[in-house]
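The values are calculated or read from the model by the stated rules, or taken from the named source; none is laboratory data. Note that the structure is a prediction, hence the values are computed from the model and not measured. Reconstructed Cβ throughout: ideal geometry from the backbone, glycine too, with neighbour counts over all protein chains shown. The area values use the complete protein model at the heavy-atom level, side chains included, leaving out ligands, DNA and RNA. Shrake-Rupley method; radii C 1.70, N 1.55, O 1.52, S 1.80 Å.
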Amino acid sequence: MYLKSFFYLGLLALILGLGSCTKDQCKTTTTYIKYDPIYLNGEDYRKPVMMLPARPLKKPGKLYIYRNFLLINEQLEGIHVFDNSNPAAPVKIGFINIIGNLDMAIKGNILYADNYTDLLTIDISNWQNVQLLDRDQDVFPTYGQDAEGRSLVAYHKEEVTGKVNCSELDALAGGWGNPQLEDQGVSPVMVGSSNGSNGSNARTATAVGLGGSMARFTITGDYLYTVDEANLRVFNISQLDNPSYQGPQNIGWATIETIFPHENNLFIGSNSGMYIYSLADPAAPQLTGTFEHATACDPVYVEGNRAYVTLRGGGICDSYNNQLDVVDVSNLSDPQLITSHPMHNPHGLSLKNNLLYLCDGDAGLKIFDASDDYAIGSSLMAQDASFSAYDVIASPFDDLALVIGPDGFYQYDISNPNQLQRISSILVEE
């Protein structure tokens with residue numbers, strides 16, 4: 001009897017306590033991602049570019065391959081370069097210091113890299129003596145200014161655990177600061193890698209490098225295409241050492257996330273759908289069709305008449321959707337959803353020989369048989385769940401899968417996809 005009375009009194013006290021926990025006085029302990037704005041003047045980041053001695057991997061960003069070389073972005077600091085002639089034992093070459101860098105694209109020994117608001121053109125014909133050839137200033141956007149006139153160029157990401165007001169919980173659920181930041185922790189300025197090759201089977205002969213599906217810029221023919229949150233930007237690179245900025249095209253209100261070239265078209269992923277642009281006139285891409293989906297982060301990979309779109313929720317993605325959409329793009333003006341497959345928290349993806357390589361967040365790397373659109377989700381062939389996976393490149397040149405994640409880089413022999421074999425790794429050093 002006394003125990004029951006004590007229980008009801010305790011329950012009543014809890015209810016009264018909750019009732020008095022108004023948004024003005026309630027506090028709770030939570031863990032969230034805080035984004036502190038970075039304000040800089042041009043002279044703060046327009047510094048000399050050179051190859052420095054190799055350094056440890058700390059905060060890996062995008063992944064890129066060019067001939068026998070492997071490039072890994074160190075977010076907002078520069079690019080690690082490795083000789084990957086022997087994938088079982090990549091050799092450190094050095095580190096290219098580029099303040100504010102998030103990505104790169106290469107054509108004909110010319111490296112294009114972002115330097116916050118600027119596009120850099122760098123000669124890499126001699127890795128030990130890279131040379132800055134050209135700087136296109138202020139071609140990428142900034143996001144406001146402070147009282148001293150400095151530009152907002154990026155955000156610093158930090159995981160914070162502490163007490164906050166209950167009224168702040170909704171805001172923290174989507175990230176602190178700019179809610180449209182990519183969940184890898186990159187800034188809201190232009191980011192990405194390049195998709196595409198010249199079709200050669202020999203990686204040593206390819207003229208254009210290859211990046212993952214999380215790209216925000218790509219090279220096709222004589223043009224470099226980039227996307228930021230709302231715009232497609234076009235650069236004529238017919239003169240490789242002197243890009244000519246053609247200007248921006250506004251895409252719309254959606255937050256643009258990725259860009260993927262395929263058969264003279266650009267497939268652009270946003271948080272609300274996929275946009276298809278024709279390159280019939282490469283200097284002025286034209287919108288051909290759109291595919292709408294629920295609000296979610298949205299990388300795209302295209303093969304033949306199929307587009308594979310991963311949707312993920314959580315954090316800044318502002319969604320509870322975690323799935324793979326298979327889309328029929330045989331009619332570019334009217335793409336149609338074929339089917340969807342539930343996933344854990346899918347990010348980047350790649351396709352080779354009817355096998356889909358998918359980075360499923362902290363569920364790791366997964367390989368699916370993609371020969372049947374409707375059976376992909378139930379056709380898991382192999383998985384490595386020992387790390388968190390962000391993006392993957394299934395190399396068109398050899399039997400390799402290259403994977404990047406927050407803890408480092410991993411390389412796999414995929415000659416037998418049923419027996420996924422990790423052959424090398426470059427891990428983050430604290």
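Using the Cβ of Gly61 as centre and a radius below 9 Å, the other residues enclosed give a net charge of 0, where K and R count +1 and D and E count -1.
Within straight-line reach of Lys47, meaning a Cα separation under 16 Å, sit the following aspartates and glutamates at least 8 residues removed in sequence or on another chain: Glu77, Asp114, Asp118, Asp134, Asp136, Asp138. The residues neighbouring Gln239, those whose beta-carbon lies less than 12 Å from its own, together hold a net charge of -2 under the Lys/Arg +1, Asp/Glu -1 convention.
Heavy-atom accessible surface of Lys107, to the nearest 10 Å², is about 40 Å², with a 1.4 Å probe and all protein chains retained.
Subtracting the Cα-Cα distance from 0.36 nm times the residue separation, let me have the gained length for Asp399 to Leu427 in nm, one decimal. Could the numbers behind the result be given before it?
Details: separation 28, 0.36 × 28 = 10.08 nm, distance 2.17 nm.
Full-extension gain reported as 7.9 nm.
Measure up Lys62/Lys366; Lys27/Lys58; Lys58/Lys92; Lys34/Lys58; Lys62/Lys163; Lys107/Lys366 against 24 Å on the Cα-Cα distance and list the ones that go over.
Values: Lys62/Lys366 19 Å; Lys27/Lys58 34 Å; Lys58/Lys92 15 Å; Lys34/Lys58 19 Å; Lys62/Lys163 34 Å; Lys107/Lys366 31 Å.
Check vs 24 Å cut-off fails for Lys27/Lys58; Lys62/Lys163; Lys107/Lys366.
Backbone amide hydrogens, once placed in the peptide plane, bring Asp138 within less than 5 Å of Asp118, Leu119, excluding anything fewer than 5 places away on its chain.
Taking a 1.4 Å probe, which of Thr258, Thr30, Thr290 shows the most accessible area, and what order do the others take after it? All intermediate terms of the calculation are to be shown ahead of the outcome.
Working: Thr258 5, Thr30 40, Thr290 60 Å².
Most to least solvent-accessible, the answer reads Thr290, Thr30, Thr258.
Could you check how much of the accessible area of the range 277-430 is carbon and sulfur, as a whole percent, using a 1.4 Å probe? So the carbon and sulfur contribution to the accessible surface is 42 percent.
With Cα atoms defining each centre, the range 229-280 and the range 410-426 are spaced 33 Å apart in the structure.
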